[in-house]
Amino acid sequence: MIIDARELRKTFTTKSRKGTQTVEAVKEVSLQVDKGQIYGVLGPNGAGKTTTIRMLATLITPDSGTATVAGHNLLKEPGLVRRSLGYVSQAGGVDENVSPRAQITFGARIYGVADVENAVESVLKRLDLVEFADRPARTLSGGQKRRVAIGLGLVHSPPLLFLDEPTTGLDPQNRANLWDRIAELREQGTSVLLSTHYLEEADALCDRLAIVDHGVIVAEGTASELKRQIQGDVISLRLDDLGRGAEVLAPYAKETRVDDDLLRVYVDDGEHTLPSLLRTLEERQLQIKSIAMTSATLDDVFLAKTGRSLRDTGAES
Amino acid sequence: MIRDTWLFFGYEMRALMRNPVWPLLGLMQPVLYLLLFAPLFAGQAFNGDMGKALDVFAPGMLVMTALFSSFTAGYGTIMELKSGVLERLAVSPASRPSILLGRMLRDTVMLLVQSAVFLVLGFVLGMRIGVVALLLMLLLMVATGLMAAGAAYGLALATKDENAMGSIMQFVMLPLMLLSGALLPMAYGPAWLEKVAWFTPFYHPTEAGRALFAGDFGDFNVLLGFVIMLGLAALTISWSVRGLRRLAG
């Protein structure tokens, strides 16, 4: 196991004119990550994802709890933990005025890499950075800078890489490109702990994931395991009267939920339930504005566990 | 720590050399004072004797150079905070003090280059100083520069905001600079103003510098200037390192 964290907690206290405010950023987080796994921490902004990663990366000391990271005790051996990990923050950590090659070379020297030149060339090639390796980083695109940031985290070949919201702010093409790069890390045996608020990212990349909300893990498992908890299909409807719709469709459903202007009807077998459901709506003279049927998604899991959609939290954009 | 400090120093110097425009512009401030203000000072206070005027004017200008050159370094730190560079370095195995000490060494080298240019120009204009006094003056500038750099990095890490930092610096620096006597010796003013100035930090290196330029090594101001600047440098550097540790947990 590359990470074994038990009951981590962190509270922040801020002082202002209004008085002292206490924020429980992480109320209780326990997670276990196997070697070679891509483990996702999925949740909306403010859920405690970054605080969890910052604690595991030795940047913040937890108020309580224990953790072993890459075989080292987080609290007693922070120096050894730091030697064993690569860390890519949300901001990236790329120096705008310096070229990728110079920055990555310096990174290799800090970590005492034996063959600096080879290590740098290898990272530049792996992340397709060779072409612009000698340009100042400020001249690179957002996607290219993100790859430089990952290169900075990888140059010393750490067994574990932390990626805090690695694709936030990237366009879909660059995001997909970065997903491929991250997936390649697993093939090379690097374990990855990544935080994200993108459902698709968690679904596409992560071997296992923890869904976090308000500082606690509300669900944990593989994406399929989590979705299986929400068995069957989801029929999403826009009706002229959502409340009445939920009432009349209740007999067909395991559960119904009104989510803004959308009625979600959770059924075991959507294909066979849909005709009866449409008939009932017609008989009750409820007007359908739109209808869609999907298999359960991670958003449905989040909705089922927290009572609200991850998309509604503003996390998805 | 020494290895890491040397690594950071090398990296920072290479980055500086890649973009030498800003340090070159930084050189201009003391040069402009020397060319455009010193003649006024000489005309007003020394009947146009530039050599004598520079013996009084140059130490103040050198102290001012040390302060301003190092204080501005804090802005770069705020950029590094915002871009996540410092956070990345804090997660590396590098010794945390060395992250700042490497930068301070770079600032010191820049300061010495600026001083060298100033001194060469000063010599051309008639300034005279002995070798020992010159070396002691440069040492005093290094101490003053380190104190200012420590304060600038500490303030940057505490405020994390360039606007807040700019406002605080302006609020604090203007009265302290005026009371340092760097532009005009405080002895030219009323006695009460000089007494107030005595309790401000930059007055002492300025007075120490003037005593060194006069070749008066036994002057108590020399010792006082070094003690105060070295003491304050130790305080501000440890404050800035604590700021980095706070950032890094």
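What the table below lists for this structure:
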item	result
Candidate set from the stretch B:61-75 (those that are at pLDDT 85 or above and surrounded by fewer than 24 Cβ atoms within 10 Å (Cβ to Cβ)); member that is farthest from the chain's Cα centre (by Cα)	B:75
Check on residue A:262, surrounded by fewer than 19 Cβ atoms within 10 Å (Cβ to Cβ), touching a residue at least 12 places away in the same chain (Cβ under 8 Å) and under 11 Å from residue A:234 (Cα atoms)	no
Sole exception among (1) in contact (Cβ under 8 Å) with a residue 40 or more places away in the chain; (2) facing chain B (nearest Cβ under 7 Å); (3) under 24 Å from the mean Cα position of the chain (by Cα) for residue A:95, by number	(3)
Residue selected from the stretch B:82-114 under the condition of a type in the set (S, T, N, Q), in contact (Cβ under 8 Å) with a residue 60 or more places away in the chain and buried (at least 20 other Cβ atoms within 10 Å of the Cβ), by the criterion farthest from the other protein chains (Cβ to nearest Cβ)	B:114
Scope the stretch B:200-249; condition charged (D, E, K, R) and either surrounded by fewer than 21 Cβ atoms within 10 Å (Cβ to Cβ) or free of Cβ contacts under 8 Å to residues at least 40 places away in the same chain (or both); matching residues	B:207, B:216, B:219, B:242, B:245, B:246
Residues of the stretch A:154-167 satisfying the condition of being at pLDDT below 90 and either of a type in the set (Asp, Glu) or not in a loop (DSSP other than H, G, I, E, B) (or both)	A:154, A:165
Answer residue from the stretch A:233-256, given it is of a type in the set (Gly, Ala, Ser) and assigned to a helix (DSSP H, G or I) and is farthest from residue A:277 (Cα to Cα) among those	A:243
Filtered residues of the stretch A:112-144 (kept if surrounded by 20 or more Cβ atoms within 10 Å (Cβ to Cβ) and within 11 Å of chain B (Cβ to nearest Cβ))	A:137
So residue B:58, is it crowded, with 23+ Cβ neighbours inside 10 Å, over 18 Å from the mean Cα position of the chain (by Cα), more than 14 Å from chain A (Cβ to nearest Cβ) and over 13 Å from residue B:145 (Cβ atoms)	no
Some residue of the stretch A:2-25 being under 20 Å from the mean Cα position of the chain (by Cα), farther than 14 Å from residue A:213 by Cβ and in a loop (DSSP other than H, G, I, E, B)	yes
Any chance residue A:61 is among the β-branched types (Val, Ile, Thr), out of contact with any Asp or Glu (no Cβ under 9 Å at 6 or more places or on another chain) and in contact (Cβ under 8 Å) with a residue 60 or more places away in the chain	no
Qualifying position, being buried (at least 19 other Cβ atoms within 10 Å of the Cβ), in contact (Cβ under 8 Å) with a residue 24 or more places away in the chain and in contact with a helix residue (DSSP H, G or I) (Cβ under 9 Å, 6 or more places away or on another chain), among A:184, A:165	A:165
Elements of type helices (runs of 4 or more DSSP H) contained in the stretch B:83-201, each with 2 or more residues being under 20 Å from the mean Cα position of the chain (by Cα) and modelled with pLDDT of 90 or more	B:96-124, B:131-159
In the stretch A:54-71, residue farthest from the other protein chains (Cβ to nearest Cβ) [restricted to those that are buried (at least 16 other Cβ atoms within 10 Å of the Cβ) and over 19 Å from residue A:153 (Cα atoms)]	A:68
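The values are calculated or read from the model by the stated rules, or taken from the named source; none is laboratory data. Note that the coordinates shown come from a computational prediction; the quantities given were computed from them, not determined experimentally. Ideal geometry is used to build each Cβ from the backbone, glycine not excepted, and the neighbour counts take in all protein chains shown.
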